[in-house]
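Okay, structure first, notes after.
The values are calculated or read from the model by the stated rules, or taken from the named source; none is laboratory data. Remember, it's a predicted structure, so these values are computed and weren't measured experimentally. Cβ atoms come from the backbone with ideal geometry, glycine included; neighbour counts cover every protein chain shown.
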Amino acid sequence: MEYRGYDSAGIALHQKDSIFNLRTFGKVSLLEDGMIEQRPKSKLGIAHTRWATHGQPSEQNAHPHASSGEVHIVHNGIIENYLELTEKLTKDGYQFESETDSEVIAHLLHQHLQSSGDLLAAMHDAIKELDGAYAIAAIHINDKSRLIVARNKSPLLIGVGLEENFAASDPLALSQLTNEFVFLEDGDVAEITKQSYQVYDGKSSPVTRDVTEIDIAVNAVTKGEYSHFMEKEIYEQPDAVANTINGKFGEDDVLDNIFGLDSSEIFRKIKRIQFVACGTSLHAGKVGRFWFEQIAKIPCYVDFASEYRYRDPLVEEDTLFVTISQSGETADTLAALRYAQEKDYLSTLSICNVPTSSLARESEHVLFTNAGPEIGVASTKAFTTQLAGLMLLAMSIAKSLDRDQELRKNLASELKALPEVIKETLKLSDEILSIVPNIADKHNALFLGRGMFFPIVQEGALKLKEISYIHAEAYPAGELKHGPLALVDDQIPVVALSPENTLTEKLVSNLEEVKARGGTLYVFGGPNSKINLERGAYIQMPECSELLAPIIYTIPLQILAYQVACQRGTDLDQPRNLAKSVTVE
């Protein structure tokens, strides 16, 4: 699970009359070194990779946490009422050794164990006092055969093996051990032994949850011939996009109901669309807004998932609520979906890469991007497949509303050809490498685009920030003269996207403003450019459809960010302070 980008790790193993506990600050390799040195043996244990929320990264704050040397726990999520619980437990005589919110769970379990005498019963009682999100796994020094787990608003699953069973927050963690998984629901508590498992619902009643088979190829979670997962995933994009669109088209139009049963019938009623997403997925939604208004002729709104439900949004009649997420476990996006389900939306729909995710299970309609596991923290193939999925949605809605059949026919042909155009774009890698030394030694960068390419340069700036740690900002090129032009000098590289469209001449004028201030321009554009560069470089892009060009123009910005980060020597698969799937609010 370290691919998600964590800062400390630890393990607790049940031994004869004690619990072996080892915690390290830093990468999992440090924990591995300690385990090799000490070589503990056990048949029952818990382990954790922490991404700091409460308390700085340190060995003291690393999981597992213990209470009285008896109860040991690991926890994903955030306990929102931990301050009140800390005060209460301190008054009851418990001493806290960490700065985390998670330690209260261990003490709370220990306290309830005194009255119930059973770890399973103590878990049922303890979670009644917890507010927030949690996936918990617990063991007790006097119980050598059981692992007790609980879930609320944080992913948790059981891996079913032969004479062995597991718990994890992601199927990838268990992909080499089993292909059978039981996905727990909010409020569930489960008792896991070597031979069996039993799930209990929020009322402490035994329930049966379906077993899901997932085959994850080993090469999907290894780097293969590539230096980094991010590099591998950039070059997987032709196949990833092909997987997204395959089986979605007839001869010259998108097929009906590709977003689920009766989805085409629902789409006939749509008057507006509300997009909600975070980070890279939000940029996909911003591009989608242009497509939906041009192709389906439907007004769209785009919101940060982290802000959406706090502004008491007005829901207009027959509005489709669309969430976008790679993992399907993004806490802010899930919370927005659950909020929306209490409102009067026409329907909810998700575009997601993980079929077993909470978002996919809880949405009424869904399109899986089928990009395959994305390990690199900085998203690449997930973004381009989300864009392909949004184009499918725009075409599906346009078809249901009987709008612009000729345009849909052209787009169907162009989408089918898109993987080959992506392959051509990837060949620009060596040319892009030639400009990297002029950017890698800088501290700031500007990214410029217009229209539907503004979200693309936002994504490009985000990529550069995430993995190279260069401060990068994106602006609509027409906004330069309203403030950002003050930043331009010979020390700030300016990256611009200049596709050939109705805004090209406007963009050329904006870039002349940069040249006049001594700025250095790095422009990606079409073959008929009128831009005359005195400093910087012009990189010619392959010819492509005007509407699909945002997908193609994403690729060189990914390559640029990757190559700059490589030259700067950063840990680009696991950039500092970031997590792959943000499962806390």
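Report yes if residue 129 is under 17 Å from residue 202 (Cα atoms), among the acidic types (Asp, Glu), assigned by TED's automatic domain parsing to the domain that holds residue 169 and out of contact with any strand residue (DSSP E or B) (no Cβ under 6 Å at 6 or more places or on another chain), otherwise no.
Details: under 17 Å from residue 202 (Cα atoms): yes; among the acidic types (Asp, Glu): yes; assigned by TED's automatic domain parsing to the domain that holds residue 169: yes; out of contact with any strand residue (DSSP E or B) (no Cβ under 6 Å at 6 or more places or on another chain): yes.
Spelling it out, residue 129 is indeed under 17 Å from residue 202 (Cα atoms), among the acidic types (Asp, Glu), assigned by TED's automatic domain parsing to the domain that holds residue 169 and out of contact with any strand residue (DSSP E or B) (no Cβ under 6 Å at 6 or more places or on another chain).
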**Request:** Say whether the condition of being modelled with pLDDT of 80 or more, outside any helix (DSSP H, G or I) and surrounded by fewer than 18 Cβ atoms within 10 Å (Cβ to Cβ) is met by at least one residue in the range 503-518.
**Result:** no
**Test set (1) assigned to a strand (DSSP E or B); (2) free of Cβ contacts under 8 Å to residues at least 12 places away in the same chain - residue 494 fails condition number** = (2)
**Fill in**
Residue hits (the range 445-487; touching a residue at least 40 places away in the same chain (Cβ under 8 Å), over 14 Å from residue 514 (Cα atoms), touching a helix residue (DSSP H, G or I) at 6+ places or on another chain (Cβ under 7 Å) and not in a helix (DSSP H, G or I)) are 450, 470
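Taking the range 103-122 only, how many residues are under 19 Å from residue 188 (Cβ atoms) and either crowded, with 19+ Cβ neighbours inside 10 Å or among the hydrophobic types (A, V, I, L, M, F, W, C) (or both)?
Our first condition is that a residue be under 19 Å from residue 188 (Cβ atoms); within the range 103-122, this holds for 105, 108-109, 112, 116, 118-122.
With either crowded, with 19+ Cβ neighbours inside 10 Å or among the hydrophobic types (A, V, I, L, M, F, W, C) (or both) added as a condition, the list becomes 105, 108-109, 112, 119-122.
Adding up the residues that qualify gives 8.
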**Asked** Which one of the conditions (1) out of contact with any Ser or Thr (no Cβ under 9 Å at 6 or more places or on another chain); (2) outside the structural domain of residue 542 (by TED's automatic domain parsing); (3) buried (at least 22 other Cβ atoms within 10 Å of the Cβ); (4) of a type outside the set (D, E, K, R) does residue 411 fail to meet, given that it meets all the rest?
**Response** (1)
**Prompt:** Considering only residues of the range 203-259 that are touching a residue at least 40 places away in the same chain (Cβ under 8 Å) and of a type in the set (Ser, Thr, Tyr), which is farthest from residue 557 (Cα to Cα)?
**Reply:** 204
**Request:** For residue 262, work out the one condition from (1) out of contact with any His (no Cβ under 6 Å at 6 or more places or on another chain); (2) on the phi < 0 side of the Ramachandran plot it doesn't fulfil.
**Result:** (2)
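Of 181, 166, which residue is farther than 22 Å from residue 119 by Cβ and either assigned by TED's automatic domain parsing to the domain that holds residue 335 or not in a loop (DSSP other than H, G, I, E, B) (or both)?
Details: 166 fails: farther than 22 Å from residue 119 by Cβ.
Exactly one of 181, 166 is farther than 22 Å from residue 119 by Cβ and either assigned by TED's automatic domain parsing to the domain that holds residue 335 or not in a loop (DSSP other than H, G, I, E, B) (or both), namely 181.
Please find, within the range 311-355, the residue that is nearest to residue 388 (Cα to Cα) out of those that are β-branched (Val, Ile, Thr) and more than 14 Å from the chain's Cα centre (by Cα).
We begin by selecting, within the range 311-355, every residue β-branched (Val, Ile, Thr); these are 315, 319, 322-324, 330, 333, 348, 351, 354.
From what's left, more than 14 Å from the chain's Cα centre (by Cα): 315, 319, 322, 348.
Working: 315: 27, 319: 22, 322: 15, 348: 19 Å.
Result: 322.
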**Complete:** Checked against (1) farther than 30 Å from residue 567 by Cβ; (2) more than 22 Å from the chain's Cα centre (by Cα); (3) small (Gly, Ala, Ser); (4) surrounded by fewer than 21 Cβ atoms within 10 Å (Cβ to Cβ), residue 224 satisfies every condition except (1)
**Item:** Count of the range 123-143 residues which are within 18 Å of residue 184 (Cβ to Cβ), outside any strand (DSSP E or B) and not β-branched (Val, Ile, Thr)
**Value:** 5
